[in-house]
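Beneath this line is the structure, given in structure tokens, with notes to follow.
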Amino acid sequence: MAMKSTPARHIAALIERIGRLSHTSSHADGLLPVQWEILRYLDRANRFSCTPAAVTAYLGLTKGTVSQSLNTLEARGLLRKQVDPKDRRGRRLSLSAKGRLLLRRDPLAESIAAIDGLTKKSQTALADSLQAMLSARLDAQGRQPFGQCHTCTYFTEVHDDGDPHYCSLLQEALSADDAEAICIEQTAS
Ligand code: SF4
């Protein structure tokens, strides 16, 4: 007998199907979907979160898989690895100019166009619902949310040592761009 359909089951199936469509179209420009996801992550993450460990935590994959993808992206000149000034054994990652250029052809554009076709009200409701669902799933797995900096409990809007914002956890000045970025240490306020 077929399983009883419920709104939750229907929505879960829709999300799964949309994810599969995105996954299929993300084999573009010779990159794997996960490699596109790394490029997107580095484009959005703040300077404290551009490390191999943070990328691994964000993706929830094994260290080896992420390391292989980072090597591929570096070999293609799409990202740079530099010695971390605060930890000589660590590496800081950043997008190269070529990587930024490639992101303009991000295959996610097809999904973005479909979402742009929705009303603003629907977009806001969809974003809120998906964010809540994602938070619940990440929470259940004990994983970091990687939320935006300006929503963090350690974020200070205006501070004497800020730029103009300030992080009271890392004790670093934050710019307006930093406030919009995502962070491995973000803790929702
Ligand atoms: S305020 Fe929070 S999100 Fe922003 S840099 Fe500090 S820890 Fe990260």
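Nothing in this text is a laboratory measurement; each read-out follows from the coordinates by a stated rule. Since we're looking at a predicted model, the values are computed, not measured. Quick reminder, even Gly has a Cβ in these numbers, built from the backbone with ideal geometry, and neighbours come from all protein chains shown.
Data overview
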{"item": "Scope segment 1-37; condition assigned to a loop (DSSP other than H, G, I, E, B) and of a type in the set (A, V, I, L, M, F, W, C); matching residues", "result": "M1, A2, M3, A28, L31, L32"}
{"item": "Per-region count, segment 81-101, residues within 18 Å of W36 (Cβ to Cβ) and in contact with a helix residue (DSSP H, G or I) (Cβ under 7 Å, 6 or more places away or on another chain)", "result": "4"}
{"item": "Tally, over segment 54-78, of residues that are in a helix (DSSP H, G or I) and in contact (Cβ under 8 Å) with a residue 12 or more places away in the chain", "result": "12"}
{"item": "So T119, is it within 16 Å of the ligand (Cβ to nearest atom) and either without any contact (Cβ under 8 Å) to a residue 60 or more places away in the chain or among the hydrophobic types (A, V, I, L, M, F, W, C) (or both)", "result": "no"}
{"item": "Set D106, D128: member being out of contact with any Gly (no Cβ under 6 Å at 6 or more places or on another chain), closer than 20 Å to E180 by Cβ and surrounded by 11 or more Cβ atoms within 10 Å (Cβ to Cβ)", "result": "D106"}
{"item": "Flag for S129 being closer than 21 Å to L59 by Cα, more than 16 Å from the ligand (Cβ to nearest atom), part of a helix (DSSP H, G or I) and in contact with a helix residue (DSSP H, G or I) (Cβ under 8 Å, 6 or more places away or on another chain)", "result": "no"}
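Here's the yes/no breakdown for (1) out of contact with any strand residue (DSSP E or B) (no Cβ under 7 Å at 6 or more places or on another chain); (2) without any contact (Cβ under 8 Å) to a residue 24 or more places away in the chain; (3) within 8 Å of the ligand (Cβ to nearest atom); (4) hydrophobic (A, V, I, L, M, F, W, C):
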residue	(1), (2), (3), (4)
D139	yes, yes, no, no
R143	yes, no, no, no
Q148	no, no, yes, no
E157	no, yes, no, no
D160	yes, yes, no, no
D163	no, yes, no, no
L169	yes, yes, yes, yes
E172	yes, no, yes, no
E180	no, no, no, no
